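To start, the structure under review is shown below, and the notes come after it.
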Amino acid sequence: MPARIVTRRSKIHGNGMFATQAIPKGEKLIQYKGRLRSHDEVDRAYADEDDNGHTFLFTLNDDYVIDANLDANDARWINHSCSPNCEAVFYEDEKGNKRKDAVWIESKRAIKAGEELSYNYGITLAERHTPAQKKIWACRCGSRKCTGTMLQKKK
């Protein structure tokens, strides 16, 4: 059976994931995988790196981050969009084991064969969203509804 989604070069940014066949709304497509690390561990590991608007870190819960720089799968290639066709859905472990929580990328609408998969990264920063930060986290999705940044408005 051929794969429903594949990785290839993207017009949005670098690599992307694309549907090879029509996908209905509400389909589980791929689990976001990587090394499970504590927030403190991730902070220490990447403290000396400059923000460059490129990340493979996904906050799983209050205790853990999925670091898709290590032990990852192709879900890390799904790009951000301001008009996404997918969403990140969190699944908590039924027994409360936070190490077993998971993130799945699911279709939020019907997706056509050949269409690039995308979701809203939902990036929030504790500090003020300066013009420099917005430039670092610039969005290239090309949507008519593009906000120009992957940063989410503060509530």
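Assorted remarks:
- Measuring between their Cα centroids, the range 1-59 and the range 104-145 lie 12 Å from each other.
- In nm, spacing of pseudo-spin labels at HIS13 and LEU70 (7 Å Cα→C-beta vector): 2.3 nm
- Measuring nothing but how far apart in sequence close Cα pairs (under 8 Å, 6+ apart) lie, relative to its length, the chain scores a relative contact order of 28 percent.
- The chain, Cα convex hull volume normalised per residue, Å³: 137 Å³
- Among the trypsin sites (Lys or Arg not before Pro) in the range 2-102, those located in a DSSP loop and surrounded by at most 10 other Cβ atoms within 10 Å of their own Cβ are LYS11, LYS95.
- Distance cut-off 21 Å, percentage of C-alpha pairs in the range 1-74 lying past it: 41 percent
- If you look at the Cα atoms of the range 51-128, you get an Rg and a Dmax of 13.8, 40 Å.
- The tail of the calculated P(r) for the range 9-52, taken as Cα-Cα distances beyond 15 Å, holds 69 percent of the pairs.
- On a per residue basis, the range 1-145 carries 62 Å² of accessible surface, using protein heavy atoms and a 1.4 Å probe.
The values are calculated or read from the model by the stated rules, or taken from the named source; none is laboratory data. Just so you know, these numbers come straight off a predicted model, no measurement behind them. Cβ: placed from backbone, ideal geometry, glycine included. Neighbour counts: every protein chain shown. Quick note on the areas: whole protein, heavy atoms, side chains included, nothing else; ligands and nucleic acids left out. Shrake-Rupley method; radii C 1.70, N 1.55, O 1.52, S 1.80 Å.
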